[in-house]
Amino acid sequence: MANTKQATKRIRQTAARTAVNGARRSRVRSFVRQVEEAIAKGDRAAALAALKAAEPELMRGAQKGALAKRTASRKVSRLTLRVNGLGAG
């Protein structure tokens, strides 16, 4: 239990920030899932469109601190490789 006004405020701020980050992470996961579903269907055009929408969301999530910058970059890189692999196959 918080013993000072400052600690009480920090608890409130942390709860608010956790909710925002959770929503942002969930949004990022939704965009990534759309790309993965298009890849699973083998639809290159839909996968490219979904990737084009997902990349800014991933980078925004990293910029806002919901996920690490390198994690976002790695996810974009791996999704791009998978989408590009659809054309070869």
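No value in this document is a laboratory result; all are computed from the given coordinates. All values reported here derive from a predicted model rather than from experimental measurement. FYI the Cβ positions are ideal-geometry reconstructions off the backbone, even for glycines, and counts take in every protein chain you see.
The mean sequence distance of close C-alpha pairs (under 8 Å, at least 6 residues apart), as a share of the length of the range 5-88, puts its relative contact order at 29 percent. Principal semi-axes of the equivalent ellipsoid, √(5λ) from the alpha carbon gyration tensor of the range 37-89, are 23, 11, 7 Å from largest down. Pairs of Lys residues in the chain are counted when their Cα atoms are under 26 angstrom apart and they lie 8 or more places apart or on different chains; the count is 7.
Rounded to the nearest 0.05, what FRET efficiency do R10 and R70 give with R0 = 22 Å and r taken as the Cβ-Cβ distance? Could you check? Plugging the Cβ-Cβ distance into 1/(1 + (r/R0)^6) gives 0.20.
Computing Rg and the Kirkwood Rh from the Cα coordinates of the chain gives a ratio, Rg/Rh, of 1.21.
Note on V20/K52: beta-carbon distance plugged into 1/(1 + (r/R0)^6) with R0 of 25 Å gives a FRET efficiency of 0.50.
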